[in-house]
1. Of G299, G363, G284, which residue is in contact (Cβ under 8 Å) with a residue 12 or more places away in the chain, out of contact with any Cys (no Cβ under 9 Å at 6 or more places or on another chain) and closer than 26 Å to A387 by Cα?
2. Please pick out the residue among V350, V318 that is of a type outside the set (D, E, K, R) and farther than 20 Å from P15 by Cα.
3. Residues of segment 281-309 being more than 12 Å from the ligand (Cβ to nearest atom), assigned to a loop (DSSP other than H, G, I, E, B) and surrounded by 23 or more Cβ atoms within 10 Å (Cβ to Cβ), which ones?
4. Which members of segment 197-228 meet the condition of being within 20 Å of the chain's Cα centre (by Cα) and part of a loop (DSSP other than H, G, I, E, B)?
5. Filter segment 115-167 down to the residues that are of a type in the set (G, A, S) and either in a loop (DSSP other than H, G, I, E, B) or farther than 21 Å from V303 by Cα (or both) and list them by number.
6. Residues that are of a type in the set (K, R), in a helix (DSSP H, G or I) and touching an Asp or Glu at 6+ places or on another chain (Cβ under 8 Å): does segment 352-365 have at least one?
7. Which is in contact (Cβ under 8 Å) with a residue 24 or more places away in the chain, out of contact with any Ser or Thr (no Cβ under 7 Å at 6 or more places or on another chain) and within 11 Å of the ligand (Cβ to nearest atom), of I215, I227, I232?
8. Taking Q349, is it touching a Ser or Thr at 6+ places or on another chain (Cβ under 6 Å) and crowded, with 19+ Cβ neighbours inside 10 Å?
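The values are calculated or read from the model by the stated rules, or taken from the named source; none is laboratory data. The structure presented is a predicted model; accordingly, all values stated were derived computationally and were not measured. Glycine gets a Cβ as well: all are built from the backbone with ideal geometry, and neighbour counts include every protein chain shown.
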Amino acid sequence: MAEITTRCCIAGGGPAGIMLGFLLARAGIDVVVLEKHADFFRDFRGDTIHPATLQVLYELGLLEAFLKLPHQEVAKLGAQVGDTVVQIADFSHLPTKCKFIAIMPQWDFLNFFADAGRRYQDFHLMMQTEATGLIQEAGTIVGATAQTAEGTLTIRAELTVAADGRHSTLRPEAGFDVVERGAPMDVLWFRLPRRAGDPSELLGRLDAGRMMVTIDRGDYWQCAYVIPKGGIDQVHAAGLPAFRAKISELAPHFVDRVEALASWDDVKLLTVAVNRLPTWYRPGFLCIGDAAHAMSPIGGVGVNLAIQDAVAAANILVPRMRNEPARVDDLRAVQRRRELPVRLMQAVQVMMQNRIISRVLSGTQTPRPALPFRLLTRFGFLRRVPARMIGMGFRPEHIRH
Ligand SMILES: Cc1cc2nc3c(=O)[nH]c(=O)nc-3n(C[C@H](O)[C@H](O)[C@H](O)COP(=O)(O)OP(=O)(O)OC[C@H]3O[C@@H](n4cnc5c(N)ncnc54)[C@H](O)[C@@H]3O)c2cc1C
């Protein structure tokens with residue numbers, strides 16, 4: 001069995017893991033990031049880069065290069081409820097460098113940071129390397145085991161970070177169980193071609209018993225069709241033509257292209273989960289990002305929160321790790337710093353799930369916009385509140401070192 005030693009071993013090359021790896025290496029701390037896939041080219045993940053994350057890029061001096069990558073900019077969020085168009089959020093007043101959400105495939109974002117990380121000699125990204133377990137000695141985690149194409153690898157590290165997503169392998173290895181907050185819906189995720197003349201903003205569409213979000217990705221629409229929790233068998237039983245018809249009823253301009261969904265292979269199921277760990281750390285071990293808290297898709301905040309966790313962790317850990325191993329108190333400080341913003345965001349998401357999404361999905365009549373939507377549409381200044389909540393989160397982090 002091959003063995004390597006590093007200061008920090010991070011399992012998972014998603015937004016949380018790549019960002020933390022980059023920040024530690026940038027501070028001169030040797031780090032190994034393990035990513036089980038051979039590349040980042042998977043469509044089945046979030047692609048919204050929020051103003052708070054763009055601010056982090058600005059503080060790192062990387063924003064200009066980042067914005068040269070192909071992306072769309074969304075400065076306002078709206079939705080169509082029944083026949084009425086409502087305005088929800090306006091990012092143009094945020095106290096951030098970028099007053100918009102950048103829509104960019106997540107693989108571009110991850111490749112950008114992987115390339116930026118490779119400029120530091122202490123950054124080691126190991127692709128096609130799957131973390132399989134933790135190494136424990138006298139109650140402390142002292143590294144991880146991994147499977148590579150060549151065989152089994154042992155990575156010994158002062159600190160092991162689980163950033164391996166909401167189906168984390170390392171989290172249960174550490175004896176951690178998540179607390180579920182529940183979600184009334186699942187999401188079907190698919191692409192449809194984009195044509196000249198299509199409406200251009202990110203738009204949610206809500207009608208009797210159905211709901212869909214369409215994200216402009218340049219030459220195609222990334223669509224998220226919301227179904228009741230566990231309703232996938234019913235959708236399959238009704239058949240693909242019925243599903244295509246439902247999409248066209250909700251967004252009539254798609255009628256000429258729903259045939260692009262040739263089989264169910266073109267439609268991916270996202271099982272929505274909202275959960276969090278009561279404790280994010282153990283001696284020598286820390287969970288961040290989705291591994292610590294899976295978010296509802298409402299607001300598309302998962303990537304931003306993962307990045308914010310990584311920035312907070314680096315801010316707290318770098319001063320200590322420059323001289324000595326991170327202590328349990330430091331790991332606790334990371335949880336203390338990030339838990340409140342996560343809990344507040346999940347509380348808002350659960351409220352929206354229960355008050356809006358459950359009602360729309362169980363409704364049989366065309367819904368009317370609820371009072372908050374009517375107020376937001378009428379009074380422009382109110383739209384700054386959801387913009388701040390979605391775009392910046394409850395405790396935006398800044399690069400300290
Ligand atoms: C279909 C879909 C759409 C979404 N849309 C949005 C959106 O529009 N906006 C948004 O903000 N959020 C969205 N999200 C959520 C968002 O993708 C996550 O919140 C965010 O990516 C979490 O980042 P993370 O780094 O914590 O985990 P992940 O992004 O899940 O990254 C974990 C990484 O770890 C790797 N990995 C897993 N296990 C191992 C292992 N054992 N060893 C090594 N590597 C491992 C995985 O391959 C992955 O690369 C969406 C999620 C899904 C599934």
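1. Working: G363 fails: closer than 26 Å to A387 by Cα; G284 fails: closer than 26 Å to A387 by Cα.
From the options G299, G363, G284, the qualifying one is G299.
2. Values: V318 fails: farther than 20 Å from P15 by Cα.
Criteria check complete, one pass: V350.
3. So in segment 281-309, the residues more than 12 Å from the ligand (Cβ to nearest atom) come out as 281-286.
Next, from what is left, pick out any that are assigned to a loop (DSSP other than H, G, I, E, B): 283-284.
Correct list: G284 only.
4. Matches in segment 197-228: L202, R217.
5. A131, G133, A138, G139, G143, A144, A146, A149, G151, A157, A163, G165
6. First, pick out the residues of segment 352-365 that are of a type in the set (K, R): 355, 359.
Now restrict to residues that are in a helix (DSSP H, G or I): 355, 359.
Adding the requirement that they be touching an Asp or Glu at 6+ places or on another chain (Cβ under 8 Å) leaves none.
For segment 352-365, residues of a type in the set (K, R), in a helix (DSSP H, G or I) and touching an Asp or Glu at 6+ places or on another chain (Cβ under 8 Å): absent.
7. On the way: I227 fails: within 11 Å of the ligand (Cβ to nearest atom); I232 fails: within 11 Å of the ligand (Cβ to nearest atom).
Being in contact (Cβ under 8 Å) with a residue 24 or more places away in the chain, out of contact with any Ser or Thr (no Cβ under 7 Å at 6 or more places or on another chain) and within 11 Å of the ligand (Cβ to nearest atom) holds for just one of I215, I227, I232, which is I215.
8. Yes: the conditions hold for Q349.
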